[in-house]
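Quick notes on the structure that follows.
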Amino acid sequence: MTVQIQKYKMLIGGEWKDSSNSAVSSILDPSNNEVVAEVPRATKQDAKTAIESARTALDSAGWVDIDPSKRGRLLTKLTGLVRENSEQLARLETLSEGKTLRESKGDVAWAARAFEYWAGLADKVEGETIPVPPKRLNYTLREPLGVTVHIVPWNYPIALAARSLAPAIAAGNTVVMKPSEITPLTSIILGDLALKAGIPKGVVNIVTGSGAEVGGALVSDPQVDGIVFTGSAETGKQVMESAAKNVTRVLLELGGKNPHIVFPDADLARAGKSVRDGIFTNAGQMCWAGSRAFIHENVYDSFVKDLVAKTRAIKVGPGTDETSEMGPLASKSRQDVVLGFVKDGLEEGASLLCGGKRPTDPRLQKGNFVEPTIFENVNGQMKIGCDEIFGPVLSVTKFKTLDEVVTMANETDYGLYGGVWTSNLKVAHELAARLQVGGLAVNEYLVTFPQTPFGGYKDSGIGHENGIRSLEFYTRTKNVSINLS
Ligand code: NDP
């Protein structure tokens with residue numbers, strides 16, 4: 001069967017454009033590595049043009065003077081359009097990222113909720129009056145930050161695009177978004193829907209191209225007022241260095257090596273499913289993946305036996321196949337990296353309980369599939385114990401006491417997220433206080449809402465996405481003091 005290759009353009013200043021040197025990148029279906037689409041491969045000059053368009057739009061009458069409630073209505077319109085186009089968006093997400101259609105539909109629904117949430121907040125970006133000595137009025141103005149650059153990774157393309165696009169628009173900013181070159185399709189469609197919703201030309205720009213070249217040009221441009229970056233800690237540090245040269249504000253959401261802790265008094269059936277899904281959802285390509293499970297010694301043997309059985313039962317296959325429960329990795333290079341980690345784990349003496357290789361099913365040989373994998377006998381000094389694998393690889397470790405599990409859980413440079421399973425409230429609250437993570441789920445895992453802050457401790461990032469407090473990033477505060485005497 002011949003696959004119809006869709007050709008896309010990028011959105012700059014409200015116009016659909018090719019790259020200035022006409023170069024294109026191919027988008028591959030990770031389940032078979034066939035080309036499914038072509039997008040412009042932008043140049044540094046295109047990045048500059050997009051920033052200039054965003055700057056012009058920021059200062060144009062149609063945006064700078066707009067009634068904030070109208071920004072809210074535009075976002076409401078966009079919410080509706082995302083929902084109306086959810087089937088197409090989910091299919092494109094699965095086609096380029098590989099995740100199952102069920103997961104993609106969930107991501108699109110989450111994106112729509114994010115637009116909806118921020119639509120309601122657009123006219124509630126309030127300043128404050130501050131009591132000062134008499135005969136003065138002192139107040140703050142919350143102004144848009146300005147031109148914001150959004151570097152979106154490939155693991156949750158539409159959800160993470162919406163997560164930063166929605167508050168940026170609600171607060172009156174303009175946007176240059178660079179989706180990952182692996183998964184730009186749903187960002188391009190979001191740009192189209194933003195135009196259809198009536199968001200003025202130039203407010204949302206979508207530039208497709210490589211991270212190193214175009215991403216690098218965007219984050220080092222002095223015309224940019226804020227950078228939202230989600231990706232690896234290594235690239236995040238480079239982004240921060242570039243931003244520092246221009247004193248540009250950054251919001252960084254980086255990796256994780258997240259602990260998922262199970263006490264013997266928990267609902268163990270639910271905990272087992274949660275530990276499995278907490279790592280194998282999206283083939284483990286999640287910053288908040290529960291990649292380190294700590295299981296209390298009283299239940300360790302039976303829990304792990306059941307977990308291994310549940311993991312072996314996961315049906316691996318193309319995301320477009322409705323019966324698949326886990327799709328491929330997003331790219332061939334990711335597959336190589338993950339299999340490299342498995343090799344490291346074996347060489348370092350960890351014990352493989354299941355998986356650890358490409359599936360043998362002949363129908364999956366062209367894709368970037370890796371079997372869901374579990375190791376035990378892993379410690380925090382091993383590569384698989386401390387590096388973010390970003391694939392379907394879990395390590396399970398036995399613990400005896402609460403103090404011991406806190407030490408092991410915190411023994412990582414990351415501090416993004418964690419999970420605790422217990423029916424003892426005292427234990428839950430103690431862990432909430434002692435775990436060095438920006439988010440903790442008790443008796444569930446992988447829960448985030450547009451209204452709840454999401455961000456990391458330690459090397460997992462700076463600042464928060466989601467929730468009203470993230471407006472701190474998307475706005476500037478101006479203090480006004482008026483002498484009334
Ligand atoms: P990167 O951090 O390199 O890429 C993340 C995003 O940054 C992509 O959109 C990429 O674009 C872009 N980018 C790359 N280099 C630059 C640059 N110099 N300036 C600006 N933007 C840039 O991650 P990788 O894709 O290489 O994945 C490596 C590891 O990163 C993963 O194994 C995982 O551990 C972690 N990661 C974490 C994510 C998270 O959710 N926190 C998301 C993705 C990765 P492009 O893809 O076009 O190169």
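The values are calculated or read from the model by the stated rules, or taken from the named source; none is laboratory data. Keep in mind that this is a model prediction, so the values were computed, not measured. Don't worry about glycine lacking a Cβ; one is built from the backbone with ideal geometry, like all the others, and counts go over all protein chains shown. These area figures cover heavy atoms from the full protein model, side chains too; ligands, DNA and RNA do not enter into them. Shrake-Rupley method; radii C 1.70, N 1.55, O 1.52, S 1.80 Å.
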Query - Neighbours by Cβ (under 7 Å, 6+ apart or cross-chain): first from segment 318-339, not assigned by TED's automatic domain parsing to the domain that holds V35; second assigned to a loop (DSSP other than H, G, I, E, B) and open to solvent by 60 Å² or more (accessible area, probe 1.4 Å) - result: T323/K315; S324/K315; E325/K315
Report summary line: Every listed condition ((1) part of a loop (DSSP other than H, G, I, E, B); (2) surrounded by fewer than 14 Cβ atoms within 10 Å (Cβ to Cβ)) holds for S333 save (1)
Requested in this report: Test V393 against the stated conditions and say whether it is in contact with a helix residue (DSSP H, G or I) (Cβ under 8 Å, 6 or more places away or on another chain) and away from the ligand (no atom under 16 Å from the Cβ).
Outcome: no
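If we only count helices (runs of 4 or more DSSP H) wholly inside segment 213-285, which ones have 2 or more residues that are surrounded by fewer than 23 Cβ atoms within 10 Å (Cβ to Cβ), among the polar types (S, T, N, Q) and modelled with pLDDT of 95 or more? Break it down into steps so the answer makes sense when it comes.
Numbers: elements: 216-219, 233-245, 268-280.
The qualifying helices (runs of 4 or more DSSP H) are 233-245.
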Requested in this report: Go through (1) under 30 Å from S31 (Cβ atoms); (2) touching a residue at least 24 places away in the same chain (Cβ under 8 Å); (3) more than 28 Å from the chain's Cα centre (by Cα) one by one and return the number of the condition S351 breaks.
Outcome: (1)
Query - Odd one out for G380, checked against (1) under 21 Å from the mean Cα position of the chain (by Cα); (2) within 27 Å of G461 (Cα to Cα) - result: (1)
Query - strands (runs of 3 or more DSSP E) contained in segment 413-485 and holding at least 1 residues open to solvent by less than 20 Å² (accessible area, probe 1.4 Å) and in the same structural domain as A166 (by TED's automatic domain parsing) - result: 475-483
Report summary line: Of the candidates L89, L141, L165, L137, the one satisfying the condition of being open to solvent by less than 50 Å² (accessible area, probe 1.4 Å), outside any loop (DSSP other than H, G, I, E, B) and touching a residue at least 60 places away in the same chain (Cβ under 8 Å) is L89
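Return a yes/no flag: does segment 38-60 have any residue that is touching a residue at least 24 places away in the same chain (Cβ under 8 Å), under 30 Å from R363 (Cβ atoms), open to solvent by less than 70 Å² (accessible area, probe 1.4 Å) and not acidic (D, E).
Let us first name the residues in segment 38-60 that are touching a residue at least 24 places away in the same chain (Cβ under 8 Å), namely 38-58, 60.
Now drop any that are not under 30 Å from R363 (Cβ atoms), which leaves 38-39.
Within this subset, residues satisfying the condition of being open to solvent by less than 70 Å² (accessible area, probe 1.4 Å) are 38-39.
Narrowing further to those that are not acidic (D, E): 39.
Within segment 38-60, one or more residues are touching a residue at least 24 places away in the same chain (Cβ under 8 Å), under 30 Å from R363 (Cβ atoms), open to solvent by less than 70 Å² (accessible area, probe 1.4 Å) and not acidic (D, E).
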